[in-house]
Amino acid sequence: MTTKEIINPANLVYDKTSILTDNVMHYCPGCSHGVVHKLIAEVIEEMGIQNKTVGVAPVGCAVFAYNYLNIDWQEAAHGRAPALATAINRLLPENVVFTYQGDGDLAAIGTAETIHACNRGENIAIFFINNAIYGMTGGQMAPTTLVGMKTATCPTGREPHLNGYPIRISNLLAELDGTCYVTRQSVHKLAAVRKAKRAIQKAFENVIAKKGTSVVEIVSTCNSGWKMTPHQSNLWMEENMFPLYPLGDLKDR
């Protein structure tokens, strides 16, 4: 028996989805972005919607998302992805339009665009990576940074009387009439990855069915910004982020 047969007795071969390009990803080891990219790519391929899917790339760690998924892309100014996605969907309503945004992009400079696009019920999907920090620009405090969490701009920890409280933006979006599906998932374990993939697929299905705005939040790690190893980051996320950002569906209409 060969080594391959021992490892994979059914002789099954895992093929990388053709939606992912062969470009080497720039994300830090242990970053959640790469896993979410793979899930989005697999869902697009399995649903057969590559030729009519349009992504809107953000500013931040995921700015080069267009470099990794072989679909049509537009790049938006910082925080303006939902506004641009609105225009694309209204001009090309037969297409499947989504944004891919971090917490600084979506919940800080883009708060207005996010809330009003969701309130209008724009027929788009929003994929939201929440790692509670500005990962690309040096690890500054984000709207989602936890109370007591240390960052470059609150080195002694976030203090509510100085910095306010973390924003649970998905909870706010779930209250809006225009959202049809709001869920919070993660990709830190195999079971969580499977749930996240189902959520991503459901968001795309809602766009095709023209149900309104779907929001999929992925609670994520930033081991470089958090100054931890990937393993330590996953444990810290489970112990500290999940109590404030519990996983599961917030709205499913």
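The values are calculated or read from the model by the stated rules, or taken from the named source; none is laboratory data. Nothing here was measured: the structure is a model prediction, and the numbers come from that model. A quick note on method: Cβ atoms are made from the backbone with ideal geometry, for glycine too, and the neighbour counts reach across all protein chains shown.
Tabulated data
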{"item": "Test set (1) among the small types (Gly, Ala, Ser); (2) in a helix (DSSP H, G or I); (3) in contact with a helix residue (DSSP H, G or I) (Cβ under 9 Å, 6 or more places away or on another chain) - ALA152 fails condition number", "result": "(2)"}
{"item": "Selected residue [of a type in the set (Ser, Thr, Tyr) and modelled with pLDDT of 95 or more] from THR99, THR137", "result": "THR99"}
{"item": "Some residue of the range 16-29 being modelled with pLDDT of 95 or more, surrounded by 15 or more Cβ atoms within 10 Å (Cβ to Cβ), within 22 Å of ILE218 (Cα to Cα) and of a type outside the set (Phe, Trp, Tyr)", "result": "yes"}
{"item": "Residue count for the range 158-167, restricted to those that are surrounded by 15 or more Cβ atoms within 10 Å (Cβ to Cβ) and either among the aromatic types (Phe, Trp, Tyr) or not in a helix (DSSP H, G or I) (or both)", "result": "3"}
{"item": "Any helices (runs of 4 or more DSSP H) falling wholly within the range 189-253 and containing at least 2 residues that are surrounded by fewer than 16 Cβ atoms within 10 Å (Cβ to Cβ)", "result": "190-208, 230-236"}
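For (1) small (Gly, Ala, Ser); (2) in contact with a helix residue (DSSP H, G or I) (Cβ under 9 Å, 6 or more places away or on another chain), each residue gets a yes or a no:
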site: THR21; (1), (2): no, yes
site: GLY34; (1), (2): yes, no
site: HIS37; (1), (2): no, yes
site: ILE40; (1), (2): no, yes
site: GLU46; (1), (2): no, yes
site: GLY55; (1), (2): yes, yes
site: PRO58; (1), (2): no, yes
site: PHE64; (1), (2): no, no
site: ASN67; (1), (2): no, no
